[in-house]
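Okay, so here's the structure we're looking at.
The values are calculated or read from the model by the stated rules, or taken from the named source; none is laboratory data. All values derive from a computational prediction rather than experimental measurement. No Cβ is skipped: glycine too gets one built from the backbone with ideal geometry, and neighbour counts run over all protein chains shown. What goes into the accessible areas is simple: the full protein's heavy atoms, side chains included, and nothing from ligands, DNA or RNA. Shrake-Rupley method; radii C 1.70, N 1.55, O 1.52, S 1.80 Å.
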Amino acid sequence: MGDVTDSRPAGALVTGGARGIGRAIVERLARRGDTVFLTDVDPDEAQRTAHELQGQHLDVRAIGLDVTDVEAIADVVGRADAEIPLSTVVNNAGVGWITPLVDVTPERFDALMAVNFRGAFFVLQAAARVMIPRRQGTIVSLASTSAFTASTQPMVPYDASKGAVRMLTVAAARELAPCGIRVNAIAPGTVATDLTRSLAPDVDELETLAKTHIPLGRLGSPHEMANAVDFLTSPASSYVTGHVLVVDGGWLT
């Protein structure tokens, strides 16, 4: 349960936790015994997901949260931490779309960065503020293989945002290490989620991608990403900080 060493319940907060990778992370952390605050921009979907997981006897609590609202971030993180001290915070909320670089409008650019980078920064900041007094805690952000190499589709703003998350992780880890807080990230490859399918609606195209570009020959699963987050927020990784763990089936090799 996080980096805690006593028997008290560990609190975890996951942004964008209602679907896909976020939901898998919520479930994995809850199954290890954490009380998980599932936050999502869609409060109804968050409630439905939390209710389903509660039906499996998991301690999951839904909270609506738009990570583009900095005041709301501070409020939600503060309220969750006051209820059960947070030992783990996972920056999972993200958006993406395919648009040629020359067609990207300032409005769409700002909207993507507001979630993928600005939101990630201020969630990390809010987490650090509640963890520093206790001198312990783990923060994991969701980067992407796009933080290392360009996407196969025209997604320049998305790729740039994930590169920024990668650097955010490294810089924050260095600053927060003396405070006892570990900061890491995972970089998923192509994962079988609704977002992935929306970007490549042709199933045959996804299968071809897997066979031609991924050495393991298949897409990743949300639960495989959740396992990586579990490791980075557990005592098993107690000497790991400032690391971006690539989970891509060999895509970048």
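Give the relative contact order (percent, whole number) for region 123-253; include only Cα pairs under 8 Å separated by 6+ residues. Could the numbers behind the result be given before it?
Details: 194 pairs, mean separation 40.7, N = 131.
For region 123-253, the relative contact order is 31 percent.
Calculate the dipole size of region 32-138 relative to its Cα centre from +1 charges on Lys and Arg beta carbons and -1 charges on Asp and Glu beta carbons; express the result in debye to the nearest 20. Write down the numbers at each step before the final one.
Details: 9 positive and 16 negative charges, 117 e Å.
Here region 32-138 has a charge dipole of around 560 debye.
Which value, to two decimals, describes the C-alpha radius of gyration of the chain once divided by 2.2 N^0.38 Å? Could you put the intermediate results ahead of the total?
Values: Rg = 17.2 Å, N = 253, 2.2 N^0.38 = 18.0 Å.
Cα Rg divided by the expected 2.2 N^0.38 Å: 0.96.
Could you list which residues have their amide H under 5 Å from that of LEU245, counting only those 5 or more apart in sequence or on another chain, with H placed in the peptide plane?
Hits under the 5 Å cutoff: ALA185, ILE186, ALA187.
Tell me the relative contact order for the chain as a rounded percent, counting alpha carbon contacts under 8 Å between residues six or more apart.
Working: 523 pairs, mean separation 52.8, N = 253.
This gives 21 percent for the chain.
For region 149-253, with every protein chain kept in place, what is the accessible area per residue (1.4 Å probe, Å²)?
Using a 1.4 Å probe on heavy atoms only, each residue of region 149-253 averages 50 Å².
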